[in-house]
Structures are given as structure tokens and as C-alpha cells.
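Novice: Submitted below is the structure of interest, expressed as C-alpha cells.
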Amino acid sequence: MSKRETYESKTEALLVPIVERFGVEIYDVEYVKEGSDWYLRAYIDKPGGVNINDCENVSRALSDEMDREDFIEDAYILEVSSPGLGRALKKDKHLEKSLGEEVEIKTYKPIDKQKEFRGILKSFDADAITVTIEKEEKVFARSDIALIRLAFDF
């Protein structure tokens, strides 16, 4: 397991009792470098969406636990937030919850001369994701997908 994966996994384990206490759920945890700064981000969610108080409560409790455990060597910025409207669907549990929803898919390389697709998430398995685009089913290999997220219109 990489350092990043280890930090994300340990942070998620610390989050479990915290989110249970505050009535929210873990959507995702990521440890990323942006510019010269490291960020530890915890995304939380609940039916109807989270509010600023949910984020603040989880952030304070997680910050205390992170200080107590102190397993991340680098300086980092802790952020707790909602995954947002255009949330990335990174895990199978995200895809499962989004079946029947409209999604946007971006591929690494062009497929049929395009890299961006929009359609209804129909199904998925370990290797592929199936989307209905204009009444036609299109199957994408997971290895070809750079990003899949919920679609939203302004």
C-alpha cells in the first residue's frame, strides 16, 4: 500500500465513529498534493445533504483524533466538506447509489472521436461501466475512464 493509501485508510478508520456520532456518512477520503501543499480531505454526506455545522463538527473531532494519532509525517491542511453536486463516483458504493442517474464520463483517449460523454448510468462491474446515451447503450472499460461524476445543469 502506498503512503497516500495508508494515510487515507487510517483516516477513514478514525472517521467511522465520528460520522456515526454526528449522523453523517463517509463519502470519500483523499490525501493529495496541490502546488506545494498537502491536503487531507474528508467528504461527508447524508440524505438531504450536509450543512456547515455537520462539516464543522466532523472537522473538529477529526482534527483532535489526527493530532492524537499523529501518523502523517508531512504538514497538511485538513478539509471536511460535502462531495458537492458534481461529485466524482470513485467507488462501487458511489456507482450503486447513482444507478439511473445522469452522469458525465471523461476518457483518457478519444472514443469515437470524443473524450466526454453524458448519459444515464445503467450498470457496472469490475471491468466496465454501461451508460445509456440517446437510447443506445455504450460500454466503457473502467481503465479508459479518467473521471465519472454526477451530471448537473445550472
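The values are calculated or read from the model by the stated rules, or taken from the named source; none is laboratory data. Bear in mind that the values here come from a model prediction, so they are computed numbers and not experimental data. Don't worry about glycine lacking a Cβ; one is built from the backbone with ideal geometry, like all the others, and counts go over all protein chains shown. The accessibility values were calculated without ligands, DNA or RNA, using every heavy atom of the protein model including side chains. Shrake-Rupley method; radii C 1.70, N 1.55, O 1.52, S 1.80 Å.
Novice: Of all residues in the stretch 10-55, which are in contact (Cβ under 8 Å) with a residue 12 or more places away in the chain and part of a helix (DSSP H, G or I)?
Specialist: LYS10, THR11, GLU12, LEU14, LEU15, ILE18, VAL19, ARG21, PHE22, ASP54, CYS55
Novice: Here's another thing I want to ask about it. Which condition does GLY119 not pass, out of (1) open to solvent by 40 Å² or more (accessible area, probe 1.4 Å); (2) free of Cβ contacts under 8 Å to residues at least 40 places away in the same chain, if it passes all the others?
Specialist: Unmet condition: (1).
Novice: Report the residue count in the stretch 126-154 for those that are outside any strand (DSSP E or B) and either under 13 Å from LYS90 (Cα atoms) or in contact (Cβ under 8 Å) with a residue 24 or more places away in the chain (or both).
Specialist: Counting residues in the stretch 126-154 that are outside any strand (DSSP E or B) and either under 13 Å from LYS90 (Cα atoms) or in contact (Cβ under 8 Å) with a residue 24 or more places away in the chain (or both) gives 6.
Novice: For the stretch 1-57, enumerate the residues that are of a type in the set (D, E, K, R) and touching a Gly at 6+ places or on another chain (Cβ under 9 Å).
Specialist: LYS46, ASP54
Novice: Here are some residues: ILE105, ILE133. Which one is under 19 Å from the mean Cα position of the chain (by Cα) and open to solvent by less than 50 Å² (accessible area, probe 1.4 Å)?
Specialist: Being under 19 Å from the mean Cα position of the chain (by Cα) and open to solvent by less than 50 Å² (accessible area, probe 1.4 Å) holds for just one of ILE105, ILE133, which is ILE105.
Novice: Which condition from (1) out of contact with any helix residue (DSSP H, G or I) (no Cβ under 9 Å at 6 or more places or on another chain); (2) surrounded by 13 or more Cβ atoms within 10 Å (Cβ to Cβ); (3) modelled with pLDDT under 95 is the one that TYR39 breaks?
Specialist: Unmet for TYR39, out of (1) out of contact with any helix residue (DSSP H, G or I) (no Cβ under 9 Å at 6 or more places or on another chain); (2) surrounded by 13 or more Cβ atoms within 10 Å (Cβ to Cβ); (3) modelled with pLDDT under 95: (3).
Novice: Is the stretch 59-71 home to any residue that is in a strand (DSSP E or B) and open to solvent by less than 70 Å² (accessible area, probe 1.4 Å)?
Specialist: no
Novice: From (1) open to solvent by 90 Å² or more (accessible area, probe 1.4 Å); (2) touching a Cys at 6+ places or on another chain (Cβ under 6 Å), pick out the condition that doesn't hold for VAL80.
Specialist: (1)
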